[in-house]
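Each reported figure results from applying straightforward, stated rules to the coordinates on display, with no laboratory input. This one's a predicted model, so the numbers in the text were calculated from it and none came from an experiment.
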């Protein structure tokens with residue numbers, strides 16, 4: 001039996017104005033730099049919902065640990081390949097193994113030794129959800145985040161944001177196409 005799946009999220013601007021890690025920006029990937037600039041002035045959370053079960057995360061650091069790989073992971077499972085989302089930050093330490101099975105997605109939860117109590121109850125459990133819903137929910141979340149990142153980042157990152165958006169478009173090909181490129 002499949003469970004429902006959704007992602008809820010929010011962020012808000014804070015009074016923080018500078019990035020404490022800014023002196024290291026030259027060593028960062030563009031994705032990491034864009035997110036760190038955003039997190040310097042915003043805070044927020046997102047949750048994965050499997051039926052009534054909520055799995056909460058913070059944007060920083062949890063989303064930061066998977067952000068760059070998300071489009072490739074979503075494309076892999078869309079193409080029928082197994083993939084993982086590894087929230088490796090201490091305190092989260094949670095791996096979601098994503099296994100497509102026809103139009104469904106089996107998700108197995110693996111909890112590491114440094115996971116907080118909120119995640120420990122997930123160890124060894126699994127969920128079966130609709131693959132299309134999983135892809136739609138992640139795509140919507142990431143599109144909304146990209147629009148917020150665009151507002152918060154200089155034009156020098158426009159190419160990165162457009163490339164990321166194009167990858168999301170590949171994930172959403174089977175659904176109604178979104179043309180957000182003019183918003184970037």
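Quick notes on this structure:
- Across region 30-158, Cα-Cα pairs more than 24 Å apart make up 30 percent of the total.
- Per residue, the chain reaches -10000 deg cm²/dmol at 222 nm when only DSSP H runs of four or more residues are counted, each adding -39500 (n - 2.57).
- Under the Debye formula (equal points on every Cα, no solvent term), log10 I(q)/I(0) of region 123-168 at q = 0.13, 0.19, 0.29, 0.33 Å⁻¹: -0.42, -0.66, -1.04, -1.16
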